[in-house]
Each structure stands twice: as structure tokens, then as C-alpha cells.
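Asks: My questions will all concern the structure given below.
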Amino acid sequence: MNRRLTAILLIFAVFPPSTANSSADGGSPGSFLRHPVGARAGAAGFWQAAVVDDATAVYWNPAGLSLVKKPEVNFAGTRLFEDTDYSFFGVARHIGKNKGFGAGYIRQSSGGFEKRTNPFESGTGFSIYNEAFFAGFGMVLNEKKIPAGAGFALKRVSHKIDVFSDADFGLDFGIMAGPFKKFRFSGLITNAVKPEIKLVSRPVKYPAGWNFSFAWENALYRNWSLLAGAGLEKIESQEFQTSAGAEISYNEKAFLRFGVADAGFSGGAGVKMGNYSLDYSVVLHEISPLHTIGVSVRFGITMEELEGYIKQGMTRFSREEAGKLADVYSQQAEIFFKDKNYGQAVKTMETAVLWDPENAGMAEKLKQYKQEMENVLNRQIIERNSILALQYYERGDFEASRRYWQNVLEITPENSQAMEYIAKIDEKLSGIEKERIEQAKKEEALKAVHSLFNEAVGFLNKENYPAAILRARKALALSTDNQQVKSILLIAQESLNLSIEKRIKQAAILCENRQYAEALKIIETVFRDSPDNKEAAQKAEICKASGPPEISLENRKKVEKLYYMAVDAYLKNDYKGAEKHIAEIYIINLFDENTRKLEEKIKKMK
């Protein structure tokens, strides 16, 4: 090969072309990786390493991957000079609560170069490509006492000049701490493991470097906020470089950015609409202004965003708004359910059903959540009793072990482990011990019967006949021949039947007198005590059929709005306000089922 060509290629190998022609690192190996990635950082400065929380974190600071809240795709492109382009493509997503993963690809390509083996030969064209692949991971180290995160990024860099190419691996490490009184700090070591490239004859290593940055955030006025920061960067065998800048945002939707570095100024702007972001930056201190466009797309919704929608609440109290709010609560409940926070999932889904009571899908989900919560609680109780039963068995306290195994069988009668151990325990216990256990059981049962009997008498005196019947039946299950309990049970059942009969007649009279609301309220009390009462169901249908004519469209809208206002007041614990709205509904429509259900909830809370 001609020596001139070899010399030219060697120059490109050692000093690859870079955008930073006016900076000190313009000809150092790997300088293409020091061009700002993304329009946000390009406008404000490299102190973004202290606040980065998107896919570009794989480049700026892998510790920032721990802050990624939802899956995202990020692209940024820059037209440098002549035939040189610079682009970044990255993806990131959260893994669990406090971990994140990201991957990125950087490519700088330059074309239009010409080579000759002698001055008289026609030139032939060739291109130069610099590429880097990143795979990063970040996690939160401590989010309570000292909020901090750390991460690493494995990268593979490759260079190609004409027909010559080589590639190698490197490693970056980053840390991030804060916020401390609105301050954030970060540290980054680039090329902690240095890539080494050999294109023609002499291998060259990427220089190591470090970056220390901090940022400060503060509210300005109403929906305006400020994020400002500064950074210090040092590349091996080069001078220190500084950068500072700020980002002003309006309602976290519109952004204005500007920055200053050793070489000059930069600026830019951005907009964010839901999961979509568009950013622009211009760097003024290069050979010519460098323009960068960045696009980011995220997927899904976070708990913080859902809570923001809930805080906005309703303004028109219409069915459309209520449906949207119900969807928000439903999504929030689904997140709680996936996180296995079943109690909060049930509570939140109940709120969703209140906002959209006609939604069968939400009602079905609420049923599913309640069932899963019950299953989980039962599993926890079984697990706890099983552990205690085994511990007592190993200690030789067979009586206590048997009691805990019996508790397990009460929840899951088919539990084979409990049955097996009870059989073992029964074999170990002598006849005398068995008699003593049986006697203790009888004494315990008698105490329980006595307590249940007294409770039944108390409920009977208060005319709470269903509760009296329930206690009496429990007592009778423990002592089947107890005549006192049988007597109380008989009295309670007869009293309940008489009460129901009396209430049904009273409801019929009220219905005949067109006092429909009062009649239906009485029938509802019958259903609480006797859910399958056919006579009460017939009276309710007759009463409803005898009710006022169909409500006008205008009044239906009024009822709808008043219902949502009542739900809103109920969720804010303003029970008096809710009851006021309910009373207004009953003036228009005495038979609104959703209102009656809400009224029952309010009664239980008071």
C-alpha cells in the first residue's frame, strides 16, 4: 500500500473526526462520544448527568436508569457539517420499583472523503463510521435516609475507515444522590475499562474521564419552575471543562433551555404532551450552529400521573367526566393489585364503581380483587398457624400444636398436612390426656355457648333479630341439646317473622298512600333481614310500578349531576353535604338505585 494512504488512514485512526473542532478534545480517541446526546442536554449542558431519567441515561449517567418510570423509546439526530451526521437511538424501562435497564446506539458517519495513491491518479471516495452500542443498568441504593442510586453501562465501540475496522469493549460507572433540599448530585467515570482500537498499525486507547455535576430545582410562580445546574468534566491528558445552564418549565409541558460552556453558548426548547416529547437544541460554539431534534415516546401511566388526574377532580359533574375519573381509579386499582396491595386495590376499585355504577367490568374486577384479598388473607392465616403448630409439635406441646392445626382445618378442611399431624398427635396422646383434652374442649365450648347466649339475648332485647338468630345458631352448633339456646332461637325467629310481616304491611299502606320513598326504605330493611323474601320483592315491584311517570331527560341530567356531587362529597368525608345532595335527588326521583346504595354507604360510615 502507498505510504501516503497509510499515513492518511493512520491519522484518522488516531485522531478520528469529531464535532468538537473548537474544543481541546477534538482529535482524541473516542471524541465522537463526547458530543451531547439528546436535545435537552445539548441545550442546557452536561450537568444533565445529575437529573437524567430517560433513555439517554445509558450515555449520560447509568444511575439515572433507576429513575425511569415507564418504558420509553428515544431518538435524537444532529446534522453536523458537510456530509457528517450524528444520531442516537435508545430504549429504557423500569424493572420492579427501583431498578431500570436501558440500551442505546450512537452513530457518527462521515462521507465524501477522497483517497489517491499518487498525485496523478483519479480519486476514489471512502467513508468513516464511528459507532457505539450501550447496555446499562441502574438501581436505587437507599431511598430513605440518603437517597442515592448507582449504575453501569457496558459499551462496544467500533470504527471503520475505508476498508479498515476494529472494535472493543469499555465500561462506564455512575452514581446519583438526592434530592437534598432540592439539590441533586452525580458522579460519572467514563472508560473505567478503556476500549482499545487498532486500525492500521498502532493501537490507541480511549482516555478515561470523570464528570461531577449538581442541579437545583425550585418553584418560581404558580405553574412555573426552574431547574439549574453546573458540571465539571476532566478528560485524561486534557484541561478541565465546565458547563452551566438552566431549564424553565411551564406546568411540566413546555420547556425553555439555555447553557454556557467554556467554548460558548447553547439553547433550545421542548414540549411534552402526555407520553410524547419533542425537543430542539442549537449549539453556537462549533464551526457552524449545530441543530439537534429529539423525540421521545413513553408507554403506560404512572401512579403519580393517576394521582394528578384524581386531584383535578370534576368540574361539570357529568357522566362523561365521571366515566373518565372512574377509569383513572380503575387503572390505579390495577396498579395496586399488580403490586399485591390488595386492600388498597379493593378500596380504590370501590371508588371507581361509585363513579361509574353501571360499569359491569369494574364491578367484576372489584369482585375479583375482593376474592383474591380473601384468598391471600386465608393463606397468611394458614401459614402462620402451620408454623406455630410445627413449632409446638417440635417442642412436644402436642395439645397446643393440635389447636393450631385445627385452626388450619377450619379454613381449609381438606388440608392434608393438618390432618396428618392431628392423626400423629392423637396417636401420641394417651387415653387420659385425650379425656382431659376433650373435657377442656367441652368447658371451652360451654363458655363460648354462654357468651353467645348472652349476646343473643342482648340483640333480642334490642330487636335486632337477625343478629340474635346468628348468635343462637352458633351456640347451638356447639351445644346441640341446649334448651335455653333453642328457646332463644325460636323466639328470635318468630319475632323476626312478625317484624317482617308487620313491615311488609306497613310498606303496602305507604305505597297505597303514594309515599313511595318511605315504602321502599322499609322494604329495603326487610331485604337486609331476609334477602330472598318473595313477598317483599312483589311489594317492591308493585310500589315501583305505582310510582310517578318516567322522569324527563332534563331531570335525569339533574339527578346524574347531583349523584356525582354526592359521591364527590362522600369521598371527601363530607357526609352532610352528600346527604343534602341525596335529599335533592329524592325530590326528583324516589327510586334511584345508585343513590340508595350510596346512602347505605354513608349510613355505615356515620
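So that you can scan it fast, the table gives a plain yes or no per residue for (1) closer than 29 Å to Y329 by Cβ; (2) hydroxyl-bearing (S, T, Y); (3) not in a loop (DSSP other than H, G, I, E, B):
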{"residue": "D532", "(1), (2), (3)": "no, no, no"}
{"residue": "Q538", "(1), (2), (3)": "no, no, yes"}
{"residue": "E541", "(1), (2), (3)": "no, no, yes"}
{"residue": "E550", "(1), (2), (3)": "no, no, no"}
{"residue": "N555", "(1), (2), (3)": "yes, no, yes"}
{"residue": "E560", "(1), (2), (3)": "yes, no, yes"}
{"residue": "V567", "(1), (2), (3)": "yes, no, yes"}
{"residue": "K576", "(1), (2), (3)": "yes, no, yes"}
{"residue": "A583", "(1), (2), (3)": "yes, no, yes"}
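Asks: May I pose another question? Go through (1) at pLDDT 90 or above; (2) surrounded by 13 or more Cβ atoms within 10 Å (Cβ to Cβ); (3) charged (D, E, K, R); (4) more than 50 Å from the chain's Cα centre (by Cα) and name the single condition E455 misses.
Replies: (4)
Asks: Just name the residue that is nearest to E600 (Cα to Cα) out of those in the stretch 488-530 that are polar (S, T, N, Q) and in a helix (DSSP H, G or I).
Replies: T525
Asks: Let me ask something else about it. Within the stretch 563-606, can you find the residues that are in contact (Cβ under 8 Å) with a residue 60 or more places away in the chain, surrounded by 20 or more Cβ atoms within 10 Å (Cβ to Cβ) and within 18 Å of A326 (Cβ to Cβ)?
Replies: Y564, V567, D568, Y570, L598
Asks: Somewhere in the stretch 227-237, is a residue in a strand (DSSP E or B), modelled with pLDDT under 90 and either touching a Cys at 6+ places or on another chain (Cβ under 7 Å) or of a type outside the set (V, I, T) (or both)?
Replies: Among the residues of the stretch 227-237, not one is in a strand (DSSP E or B), modelled with pLDDT under 90 and either touching a Cys at 6+ places or on another chain (Cβ under 7 Å) or of a type outside the set (V, I, T) (or both), which makes the answer no.
Asks: Taking the stretch 549-562 as the search range and keeping residues that are within 17 Å of F317 (Cβ to Cβ) and not hydrophobic (A, V, I, L, M, F, W, C), which one is surrounded by the fewest Cβ atoms within 10 Å (Cβ to Cβ)?
Replies: Top of the filtered list is E554.
Asks: Also, I was wondering about something else. Kindly indicate which of S277, S281, S266 is assigned to a strand (DSSP E or B), farther than 30 Å from K597 by Cα and under 27 Å from the mean Cα position of the chain (by Cα).
Replies: It is S277.
Asks: Please find, within the stretch 52-82, the residue that is modelled with the highest pLDDT out of those that are in contact with a Leu (Cβ under 7 Å, 6 or more places away or on another chain) and not in a helix (DSSP H, G or I).
Replies: So, considering only residues that are in contact with a Leu (Cβ under 7 Å, 6 or more places away or on another chain) and not in a helix (DSSP H, G or I), the one modelled with the highest pLDDT is N61.
Asks: Quick one: in the stretch 460-473, which of the residues that are touching a residue at least 24 places away in the same chain (Cβ under 8 Å) and not in a loop (DSSP other than H, G, I, E, B) is nearest to N533 (Cα to Cα)?
Replies: P466
Asks: On to the next question. Quick one: would you say F183 is crowded, with 18+ Cβ neighbours inside 10 Å, in contact with a strand residue (DSSP E or B) (Cβ under 6 Å, 6 or more places away or on another chain) and not charged (D, E, K, R)?
Replies: Criteria not met by F183.
Asks: Then there is this: Considering only the stretch 158-174, I want to know if a residue exists there that is in contact with a Lys or Arg (Cβ under 8 Å, 6 or more places away or on another chain), part of a loop (DSSP other than H, G, I, E, B), modelled with pLDDT of 90 or more and not acidic (D, E).
Replies: The answer is no, given that none of the residues of the stretch 158-174 is in contact with a Lys or Arg (Cβ under 8 Å, 6 or more places away or on another chain), part of a loop (DSSP other than H, G, I, E, B), modelled with pLDDT of 90 or more and not acidic (D, E).
The values are calculated or read from the model by the stated rules, or taken from the named source; none is laboratory data. Not measured: the values here are computed from a predicted model. So basically every Cβ, Gly included, is an ideal-geometry build from the backbone, and we count neighbours across all protein chains shown.
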